[in-house]
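Peer 1: Sharing a structure below in structure tokens format, with a few things to ask.
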Amino acid sequence: MNRAVFLDRDGVINRAIVREGRPFPPPSLEELEFLPGVAEAIDGLRRAGFRLIIVTNQPDVGSGKQQREMVERMHERISLELSVDDIKVCYHVEQDDCPCRKPKPGMLLEAAAEWSLSLEKSFMIGDRWRDIEAGQAAGCKTVLIKYEYDERQADGPDAIVNSLFEASELILSGNI
């Protein structure tokens, strides 16, 4: 069985747009800005044998605030510029109660089946409580990138860090 690092997108891979203390995805390809150290973190994890899988909620598509084509163009760019293996997306809104929308673990479970992953040997890195709960529900170790958003806080992540690069160093050190 392979091991993976599951990555949230906005706030982990790219800069989230924060309005009134809450994070939102960039509205356009031009505003998709990779965070510092992301490529190096992903490359280091890849060299260590991890699969890299982005798992992202994009409810603005389901609510009509964003075009699915724009999200797919952003993912094409991410795939071209970063060494990720897969990108899983949930386009549903909360009211749809779908099994893939984080905090439910559906995207992680789907990826685990497709990529023959051991979830117990895998990690979920996110910047919101939804990411941490999805990782916990799937049986992964969890790492929270701390931003102090004005929303519910994550309960019991295995580690709290300031960036994806710091999370990758912690994982690669074996100290989590």
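The values are calculated or read from the model by the stated rules, or taken from the named source; none is laboratory data. Predicted, not measured: the structure shown is a model, and the values here were computed from it. Glycine gets a Cβ as well: all are built from the backbone with ideal geometry, and neighbour counts include every protein chain shown.
Peer 1: Residues of the range 103-118 being touching a residue at least 60 places away in the same chain (Cβ under 8 Å) and in contact with a helix residue (DSSP H, G or I) (Cβ under 7 Å, 6 or more places away or on another chain), which ones?
Peer 2: Selection gives Leu108, Ala112, Leu117.
Peer 1: For the range 4-80, please list each of the strands (runs of 3 or more DSSP E) lying entirely inside it that holds at least 3 residues being touching a strand residue (DSSP E or B) at 6+ places or on another chain (Cβ under 7 Å), among the charged types (D, E, K, R) and closer than 15 Å to Tyr91 by Cβ. Write out each step before concluding.
Peer 2: On the way: elements: 4-7, 17-19, 22-24, 51-57.
Per the criteria, no element qualifies.
Peer 1: While we're looking at this one, here's another question. How many residues are crowded, with 24+ Cβ neighbours inside 10 Å and either more than 21 Å from Asn175 (Cα to Cα) or of a type in the set (Val, Ile, Thr) (or both) when one looks only at the range 122-139?
Peer 2: Qualifying residue count, the range 122-139: 4.
Peer 1: Please count how many residues of the range 137-176 are assigned to a loop (DSSP other than H, G, I, E, B), acidic (Asp, Glu) and closer than 26 Å to Arg47 by Cβ.
Peer 2: Of the range 137-176, the ones assigned to a loop (DSSP other than H, G, I, E, B) are 139-140, 146-158, 162-163, 174-176.
With acidic (Asp, Glu) added as a condition, the list becomes 148, 150-151, 155, 158.
From what's left, closer than 26 Å to Arg47 by Cβ: 158.
Number of matching residues: 1.
Peer 1: Of the residues that make up the range 100-121, is at least one out of contact with any strand residue (DSSP E or B) (no Cβ under 7 Å at 6 or more places or on another chain), loosely packed, with under 14 Cβ neighbours inside 10 Å and closer than 24 Å to Tyr149 by Cβ?
Peer 2: No, there is no match, as no residue in the range 100-121 is out of contact with any strand residue (DSSP E or B) (no Cβ under 7 Å at 6 or more places or on another chain), loosely packed, with under 14 Cβ neighbours inside 10 Å and closer than 24 Å to Tyr149 by Cβ.
Peer 1: Which residue is farthest from Asn2 (Cα to Cα), if the candidates are limited to the range 77-99 and must be modelled with pLDDT of 95 or more and touching a Leu at 6+ places or on another chain (Cβ under 9 Å)?
Peer 2: Arg77
Peer 1: Quickly run through the range 140-165 and pick out the residues that are more than 21 Å from Ser118 (Cα to Cα), under 15 Å from the mean Cα position of the chain (by Cα) and crowded, with 16+ Cβ neighbours inside 10 Å.
Peer 2: Correct list: Ile145, Ala154, Val161, Ser163, Leu164, Phe165.
Peer 1: State all residues of the range 138-159 that are among the β-branched types (Val, Ile, Thr) and in contact (Cβ under 8 Å) with a residue 24 or more places away in the chain; if no residue qualifies, say none. Spell out the reasoning first.
Peer 2: Initially, the range 138-159 is screened for residues among the β-branched types (Val, Ile, Thr), giving 142-143, 145.
Selection gives Val143, Ile145.
Peer 1: Filtering the range 15-57 down to residues that are crowded, with 22+ Cβ neighbours inside 10 Å and of a type in the set (S, T, N, Q), which residue is nearest to Leu170 (Cα to Cα)?
Peer 2: Thr56
Peer 1: Turning to a different aspect of this structure: Looking at the range 76-87, which of the residues that are surrounded by fewer than 18 Cβ atoms within 10 Å (Cβ to Cβ) and not acidic (Asp, Glu) is farthest from Asp131 (Cα to Cα)? Reasoning before the result, please.
Peer 2: First pass over the range 76-87, keeping only residues surrounded by fewer than 18 Cβ atoms within 10 Å (Cβ to Cβ): 76-77, 79-81, 83, 85-86.
Okay, now just the ones that are also not acidic (Asp, Glu), so 77, 79-80, 83.
Numbers: Arg77: 23, Ser79: 21, Leu80: 24, Ser83: 21 Å.
In this case the residue turns out to be Leu80.
Per-residue answers, yes or no, for (1) more than 17 Å from Leu164 (Cβ to Cβ); (2) of a type in the set (A, V, I, L, M, F, W, C):
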residue: Gly37; (1), (2): no, no
residue: Ile53; (1), (2): no, yes
residue: Val71; (1), (2): yes, yes
residue: Glu76; (1), (2): yes, no
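Peer 1: Looking at the structure I just gave you, is Arg9 loosely packed, with under 15 Cβ neighbours inside 10 Å and within 19 Å of Ile145 (Cα to Cα)? I'd like the intermediate steps shown before the answer.
Peer 2: Values: loosely packed, with under 15 Cβ neighbours inside 10 Å: no; within 19 Å of Ile145 (Cα to Cα): yes.
Against the criterion (loosely packed, with under 15 Cβ neighbours inside 10 Å and within 19 Å of Ile145 (Cα to Cα)), Arg9 does not qualify.
Peer 1: Still on this structure, please answer the following. Which residues, taken from the range 29-66, are closer than 14 Å to Phe6 by Cα and more than 17 Å from the chain's Cα centre (by Cα)?
Peer 2: Gly49, the sole residue that qualifies.
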